[in-house]
Amino acid sequence: MQKKKIRCLIKYQSVALGVYNYKVFLPLKSGWSNNSLVTCTNCGELFVIDWENPETENLSVKQIAGSTLCPTCNVVLSMYLADYPTTIRISENQFVSFNDEVISNQDEGSEIVEFYELRPLQKGLN
Ligand SMILES: [Zn+2]
């Protein structure tokens, strides 16, 4: 699976009781980019979906994942995907939810971060 670099705000949040300074990635939205993150709920791996890519047009996250396997834990991703940071897997049995709308969408303090890019399998390449 290819990787893609996107610009993210990085926030260190208290996400749960006793879990402080947890690193949360928030893709910056701008006129040029519309990236969102999803997470594998089995292992916590993060994936970026580029909604400006014509390949993803009109597809759901599950359709984009198709039969793709998680590169980290090898499950069929479409069955284990959740929106991030609405769902954050912080440990084996602990999931938390973070509301990114409380964070203003500004460039300040953002960094380029590399994630696996989830995109539909190319037609005819099975
Ligand atoms: Zn996984």
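Every number here is computed from the coordinates shown, using simple stated rules; none is lab data. Remember, predicted model here, so these are calculated numbers, not experimental data. Reconstructed Cβ throughout: ideal geometry from the backbone, glycine too, with neighbour counts over all protein chains shown.
For the chain, give the magnitude of the charge dipole about the Cα centre (Cβ charges: +1 Lys/Arg, -1 Asp/Glu; no others), in debye to the nearest 20.
Details: 11 positive and 14 negative charges, 50 e Å.
The dipole magnitude comes to about 240 debye.
Under the convention that each Lys and Arg Cβ holds +1 and each Asp and Glu Cβ holds -1, the size of the dipole of segment 1-48 around its Cα centre is about 240 debye. In terms of packing, defined here as the mean over residues of other Cβ atoms within 10 angstrom, the peptides 65-73, 108-116 line up highest first as 65-73, 108-116. Of all lysines in the structure, the ones whose alpha carbon falls short of 30 Å from that of residue 23, not counting any fewer than 8 places away in one chain, are 3, 4, 5, 11, 62. Just going by the charge dipole of segment 1-55, with Lys and Arg at +1 and Asp and Glu at -1 on Cβ, which of 38, 16, 2 is farthest out on the positive end? The Cα lying farthest towards the positive end belongs to 16. Note that segment 57-65 has calculated 3J(HN,Hα) couplings of 4, 6, 9, 8, 4, 5, 5, 5, 5 Hz, one per residue in order, obtained from phi through the Karplus relation 6.51 cos²θ - 1.76 cosθ + 1.60 (θ = phi - 60°); glycine and proline are x. In terms of other Cβ atoms within 10 Å, 20, 80 run from fewest to most in the order 20, 80.
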